[in-house]
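Here's the structure we're looking at; comments come further down.
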Amino acid sequence: MEQRHLGRTGLRVSRIGLGTLTWGRDTDEHDAADQLKAFWDAGGTLVDTADVYADGEAEYLLGRFLDKLVPRQDLVVATKAGSVADPYRRFDGSRGHLLAALDASLKRLGTDYVDLWQIHAFDPVTPLEETLQALDIAVSSGRVRYAGVSDFSGWQLAKAATWQLAAPGVRTRLACTQMEYSLVQRGVEREVLPAALDLGVGLLPSSPLGRGVLTGKYRTGTPSDSRGASEQLAPFVEPYLDQAARRIVDAVATAADGLSTTPLQVALAWVRDRPGVVAPVVGARNARQLTEALSVEALSLPDEICQALDDVSAPVHRYPDQDWSTL
């Protein structure tokens with residue numbers, strides 16, 4: 001699998017990442033092991049997890065596989081901290097919480113460092129410089145090699161990345177930001193992606209298949225074994241089952257027919273090769289689903305297909321997101 005630099009850093013990662021959101025919840029240990037082995041066999045290196053995935057079970061499973069199943073040095077292990085199970089405070093970006101969460105993640109993963117540590121979301125009640133100081137401490141202590149953020153808006157990302165570049169002392173440059181990005185969710189193109197491109201921050205798209213909708217599985221109904229049929233995950237899928245999304249899915253299916261491939265591969269290739277994207281993070285229930293996604297490595301979409309998909313999925317940009325001088 002092709003490798004790409006993570007933002008403006010020396011770290012190189014596979015251009016498809018393996019997500020572990022369902023590990024320990026919908027994906028058991030056996031299926032998780034099969035996924036990791038298939039991913040590694042295909043040349044994948046970036047494995048993304050978080051301390052809150054299945055209440056830590058995803059990290060624990062990944063830790064069980066390191067060295068026993070796949071050599072630790074062959075993987076870029078990425079995890080996140082900052083989300084909390086508190087109805088009154090969804091995110092905790094305090095230095096104390098983040099560093100304690102990192103130590104707990106390392107224990108579950110069974111390793112003394114992670115290659116990439118990401119702040120899971122912006123905490124509006126903690127000073128940003130305190131949150132960023134946790135990244136600096138983690139890197140300077142050797143527990144973290146590279147740092148990034150997740151689900152930061154455009155101004156939040158720009159402020160954080162600029163602070164790390166401009167503040168006095170030795171600061172840790174932000175390597176990446178992880179955001180939802182797909183043909184049915186192009187909101188990051190308004191401000192997040194321009195900020196990331198300008199500041200040298202790589203984008204790791206989450207839900208690159210539109211929460212599964214872009215595979216075409218919902219075109220004729222909701223499969224009984226799909227996320228859309230799950231009581232827990234149905235609300236997660238529902239926003240992308242509207243008429244606008246159907247038009248996009250139909251266009252993806254038409255492109256797939258013309259290229260003799262699958263809608264999944266077309267949708268994934270589109271987002272993988274967008275400017276600023278480093279590696280879409282793909283989650284799968286089993287190794288079979290993951291193998292289909294990994295087969296996109298050989299596919300590059302023709303320019304005319306990309307343009308057609310751009311047109312049918314184009315988000316509405318109005319003042320001041322675009323050049324307003326012509327309005």
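The values are calculated or read from the model by the stated rules, or taken from the named source; none is laboratory data. Remember, it's a predicted structure, so these values are computed and weren't measured experimentally. Methodologically, a virtual Cβ is constructed for each residue, glycine included, from the backbone with ideal geometry; neighbour enumeration extends over all protein chains shown. Side chains are part of the model used for accessible areas, which takes the heavy atoms of the whole protein and leaves out ligands, DNA and RNA. Shrake-Rupley method; radii C 1.70, N 1.55, O 1.52, S 1.80 Å.
Screening 190, 211, 227 for residues that are at pLDDT below 95, touching an Asp or Glu at 6+ places or on another chain (Cβ under 7 Å) and open to solvent by 30 Å² or more (accessible area, probe 1.4 Å) leaves exactly one candidate, 190. The residue of the stretch 239-253 that is nearest to residue 22 (Cα to Cα), among those that are open to solvent by 40 Å² or more (accessible area, probe 1.4 Å) and over 20 Å from the mean Cα position of the chain (by Cα), is 241.
If you go through the stretch 254-281 and keep only what is closer than 15 Å to residue 292 by Cβ and open to solvent by less than 20 Å² (accessible area, probe 1.4 Å), you end up with 256, 264, 266, 267, 268, 269, 272, 280. For the stretch 166-187, the set of residues classified as open to solvent by less than 20 Å² (accessible area, probe 1.4 Å), aliphatic (A, V, I, L, M) and within 30 Å of residue 242 (Cα to Cα) consists of 183 only.
Summed over the stretch 25-55, residues that are open to solvent by 10 Å² or more (accessible area, probe 1.4 Å), under 19 Å from residue 82 (Cα atoms) and either free of Cβ contacts under 8 Å to residues at least 40 places away in the same chain or among the small types (Gly, Ala, Ser) (or both) total 3.
The selection criterion, being crowded, with 18+ Cβ neighbours inside 10 Å, farther than 30 Å from residue 248 by Cα and not aliphatic (A, V, I, L, M), holds for residue 82. Could you check the stretch 57-88 and list, in sequence order, the residues that are of a type in the set (Ser, Thr, Tyr) and assigned to a helix (DSSP H, G or I)? Across the stretch 57-88, the qualifying residue is only 60.
In the stretch 237-259, the residues that are closer than 14 Å to residue 182 by Cβ reach residues that are among the polar types (S, T, N, Q) and surrounded by 18 or more Cβ atoms within 10 Å (Cβ to Cβ) with C-beta atoms within less than 6 angstrom, at least six apart or across chains, in these pairs: 248/313. Screening the candidates 96, 169, 82 for the property of being more than 19 Å from the chain's Cα centre (by Cα) and at positive phi yields one hit, 169.
Of the residues making up the stretch 20-35, none is in a loop (DSSP other than H, G, I, E, B), touching a strand residue (DSSP E or B) at 6+ places or on another chain (Cβ under 6 Å) and either closer than 30 Å to residue 199 by Cβ or at pLDDT 95 or above (or both). Taking the stretch 291-320 as the range and being in contact with a Ser or Thr (Cβ under 8 Å, 6 or more places away or on another chain) and either loosely packed, with under 13 Cβ neighbours inside 10 Å or in a loop (DSSP other than H, G, I, E, B) (or both) as the test, only 299 passes.
Is it true that residue 70 is β-branched (Val, Ile, Thr) and open to solvent by 40 Å² or more (accessible area, probe 1.4 Å)? No, not satisfied.
Mind listing just one residue for me: the one in the stretch 184-208 that is in a loop (DSSP other than H, G, I, E, B) and of a type in the set (Gly, Ala, Ser) and, of those, nearest to the chain's Cα centre (by Cα)? So the residue we want is 207. Under 21 Å from residue 131 (Cα atoms), of a type in the set (Ser, Thr, Tyr) and open to solvent by less than 20 Å² (accessible area, probe 1.4 Å), is that true of residue 22? Considered against the rule, which asks whether it is under 21 Å from residue 131 (Cα atoms), of a type in the set (Ser, Thr, Tyr) and open to solvent by less than 20 Å² (accessible area, probe 1.4 Å), residue 22 comes out as no.
Among residues that are in contact (Cβ under 8 Å) with a residue 24 or more places away in the chain, open to solvent by 40 Å² or more (accessible area, probe 1.4 Å) and within 26 Å of residue 17 (Cβ to Cβ), residue 108 is included. Does residue 197 satisfy the condition of being under 23 Å from residue 120 (Cα atoms) and surrounded by fewer than 16 Cβ atoms within 10 Å (Cβ to Cβ)? In short, yes. Inclusion of residue 116 among residues that are under 21 Å from the mean Cα position of the chain (by Cα), in contact (Cβ under 8 Å) with a residue 60 or more places away in the chain and buried (at least 24 other Cβ atoms within 10 Å of the Cβ) is warranted.
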